[in-house]
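Worksheet: the structure to be examined is printed underneath.
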Amino acid sequence: MRNLFLLFFCTFLLNKTMAQNNNTDVHSFAQPQKAYITHLNLNLEADFDNKILKGKATLEYKNIAQTSQIHLDTRDLDILQITQNNQPIKFQLTEPKEYLGQALIIDINPQLNQGTLTIEYQTHPQAAALQWLTPEQTAGKKNPFLFTQSQAILARTWVPCQDSPGIRFTYTATIKTPKNLMAVMSAQNPQIKNSEGIYQFEMKQPIPAYLLALAIGDFEFAPLGERTGVYAENNTLEKAKYEFAELENMLQLAEKLYGKYEWERYDLIVLPPSFPFGGMENPRITFATPTIIAEDRSLISLVAHELAHSWSGNLVTNATWNDFWINEGFTVYFERRIMEAMMGKSYAEMLAYLGYQDLLHTLELFGKDNPDTRLKLDLKDRDPDEGVSEIAYEKGYFFLITLEKKVGRPKFDAFLHQYFQKNAFQGMDTEKFLEYLKKELPETQTIDLNAWIYQPGLPSNFALTLPERFIEVEKQLKKWKNGTPPEKLNTQQWTTHEWLHFIEQLPAEISTDELEKLDQQFKFSQSGNAEIITQWLQITLPLSYTPAFAPAENFLMNVGRRKFLVPIYKAMLKTEQGTQKAKEIYQKARKNYHSVATNTLDKLILEQQR
Ligand code: BES
Ligand code: ZN
């Protein structure tokens, strides 16, 4: 009797935690308070001719509420058959909903508190997470390539699963590829190709579905350190080795700050340029854009960012997409601490200031009263992609800076270290964080937390002063404005960040002649640095500076990173001639972009919402 009572009590507690973690996720059909998955075994074959993945997903689940059905997320999947102990079992798919897809509701035995079921299925060629590239779209031009992007809710377009960041499971996988290609996943990875094209994977630590990842292509591995390495196509590998040579050092600096790295290896894969993001923190293997290879290591803060997610995001995970700042705000803070440790304070200050300016631009664009400028978002009935903005990243970062300032760095560091340790492998929502903060750092309660978290805009007493190195940039700018020719300016020691500030601060009413002279001296239009050329195009395209059009077209045809595409197209759309050009280019380039990018750009260019 007592045991039975205990059992009920435990079930009650478990229900309660699971419900807290999940019943507020408006972007998933899963009902983890009844039944949730604990392990996934994938067995898939990549069919490049038809652009489909096909095979089986075997799911182990726990049934904690004697429920007779388990609810999964799917979108654009063809479910062929579902079996349990080799017997077909009944299932239904609900009506498809835009971006959410369909609930897959499967009959299970209410008497058993756990079970295993096998789903035979295949993906659609248009699956939103998948980008199937032709050989021409790769660096080597000889072999096709496939990569996935599951965050935020695209995992369900290639794996039937419970696609909510509050639900974690371990996984194993067998992936069959064409014989000359290699596969990697967010798991233990091969370092050499095998002759059969069959690769086995294991992820022992439980992860949320948005961290499921797969890439298949003709790439090779090069070690960088004991626990670190890089995968890239053969003709990019040398450059990648140079660019990321500091990776092992970075990993050690990160551990020194906030504790042990829990994922064993940390590798990078350099993807083809159509990858829609700068980086994606897939556990054990960050997926990265080739646009961070600037050949001078000046853009590696992006790697620090993805590495930092190994703690903030992958260990302590935003419980829902409304709590996205819990992932990104902490990660930007951590990223800048790694960069400070590596490159010094003056460098990290530049990163923070550039972030601050991005934040001010976003606030201006959105409007200071816009509810989407609150840290805690409300994305009900909306695609969670709409919550991806500088707010989570930079307002989140400056909120954490405010906490740090209040309690002092040593105390804040101890707090964060413990935060990652105590909450590892768990979901974290905004409210749970606030409670934790109150308990651990009571001094912070005099801060206007409500304004930071639940109010739009920035608290009025917040401002950032110009860092040393940008004061120097502005000095040179002033000299130039007063007639000093570009070649006489003192810019020799500048890194990418000083250049970004220089271009950003150019006067609005600059003449074509002046632009040309700057361009001649500093070669902005020919810059191989994607950040610099984007900043330059953003300023010059609206001024109808014609020498910028060809490099803009070249960039837009070749790069698929949304963060660059959006401002460049927007800059073109500011003039009539530019609008014409933007539409022409988009028509040709669209096929090179991932769905994440076309989703945004279709609205911007085709539907003309500026
Ligand atoms: N996890 C994000 C990318 C992401 C966010 C994908 C939301 C899908 C939905 C990644 O860590 C990230 O923030 N990437 C940035 C890099 C950066 C240094 C801020 C990017 O891609 O630009
Ligand atoms: Zn991030």
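The values are calculated or read from the model by the stated rules, or taken from the named source; none is laboratory data. From a predicted model like this one, the values you see are computed outputs, not experimental measurements. Every residue, glycine as well, gets a Cβ built from its backbone with ideal geometry; the counts of neighbours run over all protein chains shown. The protein model used for the area step is the full one, side chains on, heavy atoms only, and it has no ligands, DNA or RNA in it. Shrake-Rupley method; radii C 1.70, N 1.55, O 1.52, S 1.80 Å.
Can you tell me which residue among Q445, Q455 is under 26 Å from the mean Cα position of the chain (by Cα), farther than 30 Å from E514 by Cβ and polar (S, T, N, Q)?
Q455 is the lone residue from the list that is under 26 Å from the mean Cα position of the chain (by Cα), farther than 30 Å from E514 by Cβ and polar (S, T, N, Q).
Based on this model, can you work out whether L365 counts as of a type in the set (A, V, I, L, M), more than 13 Å from ligand 1 (Cβ to nearest atom) and either surrounded by fewer than 21 Cβ atoms within 10 Å (Cβ to Cβ) or closer than 19 Å to F564 by Cα (or both)? Even if it seems obvious, please write down each step before you answer.
Numbers: of a type in the set (A, V, I, L, M): yes; more than 13 Å from ligand 1 (Cβ to nearest atom): yes; either surrounded by fewer than 21 Cβ atoms within 10 Å (Cβ to Cβ) or closer than 19 Å to F564 by Cα (or both): yes.
Yes.
Name the single residue, out of those in the range 85-97 being part of a loop (DSSP other than H, G, I, E, B) and without any contact (Cβ under 8 Å) to a residue 40 or more places away in the chain, that is least open to solvent (accessible area, probe 1.4 Å).
So the residue we want is I89.
Go through the range 317-333 and count every residue that is over 24 Å from T170 (Cα atoms) and either within 10 Å of ligand 2 (Cβ to nearest atom) or modelled with pLDDT under 95 (or both).
So the answer is 3.
Restricting attention to the range 125-144, report how many residues are under 16 Å from I175 (Cβ atoms) and within 20 Å of the chain's Cα centre (by Cα).
Total meeting the criteria: 4.
Restricting to the range 389-417, name every residue that is among the small types (G, A, S) and either touching a Leu at 6+ places or on another chain (Cβ under 8 Å) or within 14 Å of ligand 2 (Cβ to nearest atom) (or both).
S389, A392, G396
Can you say whether P110 is under 22 Å from F277 (Cα atoms), of a type outside the set (A, V, I, L, M) and at pLDDT 95 or above, as far as the supplied structure shows?
No, not satisfied.
Does A597 satisfy the condition of being small (G, A, S), under 22 Å from Q126 (Cα atoms) and in a helix (DSSP H, G or I)?
Yes; evaluated as a whole, the condition is true for this residue.
Of the residues D369, D378, D358, D385, which is within 21 Å of the chain's Cα centre (by Cα), on the phi < 0 side of the Ramachandran plot, charged (D, E, K, R) and not in a helix (DSSP H, G or I)?
Going through D369, D378, D358, D385 in turn, just one is within 21 Å of the chain's Cα centre (by Cα), on the phi < 0 side of the Ramachandran plot, charged (D, E, K, R) and not in a helix (DSSP H, G or I): D378.
Could you list, ordered by first residue, the pairs with Cβ atoms under 9 Å in which the first is in the range 271-291 and open to solvent by 10 Å² or more (accessible area, probe 1.4 Å) and in a strand (DSSP E or B) and the second is within 12 Å of ligand 1 (Cβ to nearest atom) and of a type in the set (V, I, T), at least 6 apart or interchain?
G279/T286; G279/T289; G279/I292; G279/V303
Report whether or not I105 is of a type in the set (V, I, T), over 22 Å from S186 (Cα atoms) and surrounded by fewer than 19 Cβ atoms within 10 Å (Cβ to Cβ).
Yes; evaluated as a whole, the condition is true for this residue.
Quick check on my filter: what residues within the range 248-257 are open to solvent by less than 10 Å² (accessible area, probe 1.4 Å) and more than 16 Å from ligand 2 (Cβ to nearest atom)? Spell out the reasoning first.
First, pick out the residues of the range 248-257 that are open to solvent by less than 10 Å² (accessible area, probe 1.4 Å): 250-251, 254.
Answer for the range 248-257, where residues must be open to solvent by less than 10 Å² (accessible area, probe 1.4 Å) and more than 16 Å from ligand 2 (Cβ to nearest atom): just L251.
Take the range 134-156 and flag every residue that is under 24 Å from S389 (Cα atoms) and touching a Ser or Thr at 6+ places or on another chain (Cβ under 7 Å).
Across the range 134-156, the qualifying residue is only R156.
Here are some conditions: (1) within 13 Å of ligand 2 (Cβ to nearest atom); (2) out of contact with any Pro (no Cβ under 6 Å at 6 or more places or on another chain). N314 meets all but one. Which one does it not meet?
The number of the failed condition is (2).
Output yes when any residue across the range 138-148 is more than 22 Å from G229 (Cα to Cα) and open to solvent by less than 40 Å² (accessible area, probe 1.4 Å), and no when none is.
yes
For N599, are the conditions met, namely being at pLDDT 95 or above, open to solvent by 40 Å² or more (accessible area, probe 1.4 Å) and within 16 Å of ligand 1 (Cβ to nearest atom)?
So N599 fits the description; yes.
Pairs only if they're at least six apart or on different chains, beta carbon under 6 angstrom, first in the range 519-539 and modelled with pLDDT of 95 or more, second open to solvent by 40 Å² or more (accessible area, probe 1.4 Å); list them, first residue then second.
Between residues of the range 519-539 that are modelled with pLDDT of 95 or more and residues that are open to solvent by 40 Å² or more (accessible area, probe 1.4 Å), the close pairs are Q521/E487; S525/P547.
Being assigned to a helix (DSSP H, G or I), within 30 Å of Y99 (Cα to Cα) and free of Cβ contacts under 8 Å to residues at least 40 places away in the same chain narrows it down to one of E364, E340, so name that one.
E364
Kindly indicate whether T373 is within 12 Å of ligand 2 (Cβ to nearest atom) and modelled with pLDDT of 95 or more.
In short, no.
What about G560, is it within 24 Å of K141 (Cβ to Cβ), in contact with a helix residue (DSSP H, G or I) (Cβ under 9 Å, 6 or more places away or on another chain) and not in a helix (DSSP H, G or I)?
Taking the combined requirement at face value, the residue satisfies it.
Output yes when any residue across the range 430-453 is within 21 Å of E531 (Cα to Cα) and modelled with pLDDT of 95 or more, and no when none is.
Looking through the range 430-453, none of the residues is within 21 Å of E531 (Cα to Cα) and modelled with pLDDT of 95 or more.
Please determine, by comparing only the residues of the range 292-302 that are touching a Gly at 6+ places or on another chain (Cβ under 8 Å) and part of a loop (DSSP other than H, G, I, E, B), which one is surrounded by the fewest Cβ atoms within 10 Å (Cβ to Cβ).
E295
What are the pairs with Cβ atoms under 8 angstrom where one residue, in the range 294-323, is within 13 Å of ligand 1 (Cβ to nearest atom) and the other, located anywhere, is assigned to a strand (DSSP E or B) and of a type in the set (D, E)? Sequence gap at least six, or different chains.
none
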